[in-house]
1. Could you go through region 16-27 and let me know if any residue there is of a type in the set (A, V, I, L, M) and surrounded by fewer than 17 Cβ atoms within 10 Å (Cβ to Cβ).
2. When region 91-105 is examined, which residues are found to be of a type outside the set (A, V, I, L, M, F, W, C), farther than 28 Å from ASN41 by Cα and part of a loop (DSSP other than H, G, I, E, B)?
3. Scanning region 152-189 for residues that are without any contact (Cβ under 8 Å) to a residue 40 or more places away in the chain and either among the charged types (D, E, K, R) or part of a helix (DSSP H, G or I) (or both), which turns out farthest from ALA100 (Cα to Cα)?
4. Restricted to region 106-133, and to residues that are in a loop (DSSP other than H, G, I, E, B), modelled with pLDDT under 95 and not β-branched (Val, Ile, Thr), which residue is nearest to ASP59 (Cα to Cα)?
5. Among (1) at pLDDT below 85; (2) surrounded by 15 or more Cβ atoms within 10 Å (Cβ to Cβ); (3) over 17 Å from CYS134 (Cα atoms), where does PHE66 come up short?
6. Among the listed residues ALA130, ALA100, ALA54, identify the single one that is among the small types (Gly, Ala, Ser) and over 25 Å from ASN180 (Cα atoms).
7. Of the residues in region 70-124, how many are buried (at least 16 other Cβ atoms within 10 Å of the Cβ) and not basic (Lys, Arg)?
8. Which of the following residues is free of Cβ contacts under 8 Å to residues at least 24 places away in the same chain, small (Gly, Ala, Ser) and more than 19 Å from PHE160 (Cβ to Cβ): SER118, SER104, SER61?
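The values are calculated or read from the model by the stated rules, or taken from the named source; none is laboratory data. Just so it is clear, the structure is predicted and the values come from calculations on it, not from any experiment. Virtual Cβ from ideal backbone geometry, glycine too; neighbours counted across all protein chains shown.
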Amino acid sequence: MSTISVNVTKGQRLDLTKGNPGLKTLKVGLGWDVNETSGVNFDLDAFCFGVDSAGKLADISHVCYFNQLSILGGAVSHSVDNLTGAGAGDDETITINLAAVPASIDRLVIAVNIYVASNRRQNFGMVRNAFARCYDSDTSGQLMRYDLGEEFSTFEGVVFGEVYRNGGDWKFGAISNGFNGDINSLITQYQK
């Protein structure tokens, strides 16, 4: 199995399963460092939601985040809600069982935002060493990484990318769009 890690850039498309035929379960890790300057923690939240072939969220129950840890019959699950970034490596993880994703779901949109960022007057320009990465759950081989730093310095959230179907294979597309607001303000844009 090929597990070459790539630092992705906006608009980049990568094959997930074609080049890695043994890939069954994809993990998306989010990490950041504890705030040591202002005394107010950065609470980054990873979330993922499934959309249909029209790019629309059919049901709010298709959103996986800290208050809904499993969606789509367990095909997508969230680890835990890390409130500070304490600890090494991934602070939050989303697990995607590719074979279990229902056929009605065309894409899984993956995003991260800073919890109550507006109230705390926080943005990604203040967060140190924030990153999102994808890796094979079975081998831990990293497939890609995206640093969530200066490019998003004025934003409270980032749509990192999407895992999508392409024929019988799965691919990853780097969307890399910053946004302001919380999870609700983003998913509203995808609702029918």
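1. Here is the first cut: in region 16-27, the ones of a type in the set (A, V, I, L, M) are 16, 23, 26.
Filter again for surrounded by fewer than 17 Cβ atoms within 10 Å (Cβ to Cβ), leaving none.
No, the conditions are met nowhere in region 16-27.
2. If we filter region 91-105 for residues that are of a type outside the set (A, V, I, L, M, F, W, C), which is where we start, we get 91-93, 95, 97, 102, 104.
Add one more test, that the residue is farther than 28 Å from ASN41 by Cα, and what stays is 97, 102, 104.
Within region 91-105, PRO102, SER104 meet the criteria.
3. PHE152
4. Kept after step one, since they are in a loop (DSSP other than H, G, I, E, B), are these residues of region 106-133: 106, 115-116, 121-123, 127-130.
Remaining after also requiring modelled with pLDDT under 95: 115-116, 121-123, 127-130.
Still in the list and also not β-branched (Val, Ile, Thr): 115, 121-123, 128-130.
On the way: TYR115: 23, ARG121: 31, GLN122: 30, ASN123: 29, ARG128: 34, ASN129: 34, ALA130: 30 Å.
Selected residue: TYR115.
5. PHE66 satisfies all of (1) at pLDDT below 85; (2) surrounded by 15 or more Cβ atoms within 10 Å (Cβ to Cβ); (3) over 17 Å from CYS134 (Cα atoms) except (1).
6. Numbers: ALA130 fails: over 25 Å from ASN180 (Cα atoms); ALA54 fails: over 25 Å from ASN180 (Cα atoms).
Residue meeting the stated conditions: ALA100.
7. Applying the first criterion (buried (at least 16 other Cβ atoms within 10 Å of the Cβ)) to region 70-124 yields 71-72, 75-79, 81-82, 85, 90-98, 101, 105-115, 117, 120, 122-124.
Of the ones still in play, those that are also not basic (Lys, Arg) are 71-72, 75-79, 81-82, 85, 90-98, 101, 105-106, 108-115, 117, 122-124.
Qualifying residue count for the region: 34.
8. On the way: SER118 fails: free of Cβ contacts under 8 Å to residues at least 24 places away in the same chain; SER104 fails: free of Cβ contacts under 8 Å to residues at least 24 places away in the same chain.
None of the other options fit; the residue is SER61.
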